[in-house]
1. Can you spot the aspartates and glutamates whose alpha carbon is less than 20 Å from LYS417's alpha carbon? Ignore those fewer than 8 places along the same chain.
2. Based on the alpha-carbon set only, what is the convex hull volume of region 234-351 divided per residue, in Å³?
3. Let me have the 222 nm mean residue ellipticity of the chain computed from DSSP H runs of 4+ only, each contributing -39500 (n - 2.57), with the sum over all residues rounded to the nearest 500.
4. Could you work out how far apart the two model spin labels at ASN369 and HIS248 are, taking each label as a point 7 Å from the Cα in the direction of the beta carbon, and quote it in nm?
5. Quick one: Karplus J couplings for region 212-229, per residue in order, coefficients 6.51, -1.76, 1.60, θ = phi - 60°, nearest Hz, x for Gly and Pro?
6. Using a simple spin-label model with points 7 Å from Cα along the Cα→Cβ vector, what separation in nm is obtained for ASN313 and ALA418?
7. Size of the dipole of the chain about the Cα centre, Lys and Arg at +1 and Asp and Glu at -1 on the beta carbon, nothing else charged, in debye to 20?
8. Roughly what would the spin-label model give for THR286 and GLN398, points 7 Å off Cα along C-beta, in nm?
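Laboratory data are not the source of any read-out in this text; all were calculated from the coordinates shown. A quick note: this is a predicted structure, and the numbers were derived from the prediction, not measured. Here Cβ is always computed from backbone atoms with ideal geometry, including for glycine, and neighbour counts include all displayed protein chains.
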Amino acid sequence: MTIIRLVPVILLQVFVCVSIISEFGYAQARKSNAGKATAINTGTIRQMAYADSLRLVDTYKDLHQNPELGFMEVRTSGIIAKELQLLGFQVITGIGKTGVVGILKNGDGPVVMYRADMDCNSVKEITGLPYASTKTMKKEDGTETPVMHACGHDAHVTWMLGVARIMVAMKDQWKGTLVFLGQPAEEPLMGARAMVADNMYDKGVPVPDYLFALHTWPIPTGTIENGPGVRFSGSDQLDVTFFGIGGHGSRPEVAKDPVVMACNAVMQYQTIISRGIAAQDAAVLTVGAIHAGVDNNVIPSSAVVKLNLRWFNEKTRKVLLDGIRRINEGIAVSNGLAADAYPKITMKGNVNPLVNDTALTAKVNAALNGVLSPAGIDTERPSSMGSEDFQHLIKPGQKTVYNYIRVGTAHPDLYAKAIAEGKPAPYFNHNGNYQVDLSAIPLGTVIGATGLMALFKQ
Ligand SMILES: [Zn+2]
Ligand SMILES: [Zn+2]
């Protein structure tokens, strides 16, 4: 953090320029070998990405300074639509509110969809970077919140725009249909389903054979995690509303206090996993917010508890949801509430676990051997308890297979310092100090374009 604060913008720019020069040499040196091994011209991909890196870093900084919350990504999707139109893509906008799709038909071959999510987080940025976000946005409930790209979706959009230029310039080296997709509202895990529910596949968006995406990750730039099988847990977001009887703070005996009910519930929920799920099975239950009341001396009539669940199979999910319902009803009974005043559960975002296709993942990793050192490709890392809705872009009933890569975007020096201090990473997604190493902008573009080229190879 301190290091980054002290590094002036000019040095970062110089660093990028130096990277361009050195990458040119590197690209030329590896060109023939990589090309032969994978039949993908990774030398040209690298050369193009690094030649484009100043523009891409500017795009990244602009997106970073102008973050937009889920389903409000009007500016961001506008930038994607404009750029893809300029590149000759057929562009469809306004899918699932702010979703955008660009289609490029280039002969017979597979349909490959590349997804970048666009939304930011309700987080106040504390990086101190010269291009830090200072924005606030009004949420749907009318409250104003600081906003920040604390999950790197600004990098995802930037990478996609860099990859688009390369794929168009190298059109003679792949055949098929390329679909770029700017997805809204990944953070609430609702945007992918919203696009499908908005009949995306009946509005001219080709059904993909393969689906592909990259996500920033706080591991060193130059490394990726891309293993086969389960990579992310399934997740549910739900609200529980406790109903009581409001009243004067001095007369709790004639009220029924939903604040106490909510607090009891939060503590009891923690026993669902510890007492109800086998130690070998992983699950998480987090209460991220409790909303109740306004004044010190007023007992409110309701309290809302906002939960987030993580699980890997339907059986565990059922144990969590049944446990929450039973605890809610137990609290209602012990407070003498009638059945019509039992707590209400509102299910919101839901996603299944993300499962990388084994063959597809191996194919992409083989191609990436041409641009990353073999030690930089980690295929062994266990699944994260994080979640994604990317896989819900698949048309229901369709057999689309996918690969999703976690791309290192932590500055290697900051990462090494964190490890030396006994921390697992210098910062984590969704924290106000989350940041993307600028040298990961061109490199992520190379990874994206190389992965796409691999998917087009039959
Ligand atoms: Zn996130
Ligand atoms: Zn994310």
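1. ASP437
2. Numbers: hull volume 11.3 nm³, N = 118.
Normalising the Cα hull of region 234-351 by residue number yields 96 Å³.
3. Values: 12 runs with 172 residues, N = 458.
One gets -12000 deg cm²/dmol as the mean residue ellipticity at 222 nm.
4. 7.9 nm
5. 8, 7, 10, 9, 5, 8, x, 10, x, 4, x, 10, 9, 10, 8, x, x, x
6. The modelled label-to-label distance comes out at 3.2 nm.
7. Working: 42 positive and 40 negative charges, 155 e Å.
Value, rounded to 20: 740 debye.
8. For THR286 paired with GLN398, the spin-label model returns 3.1 nm.
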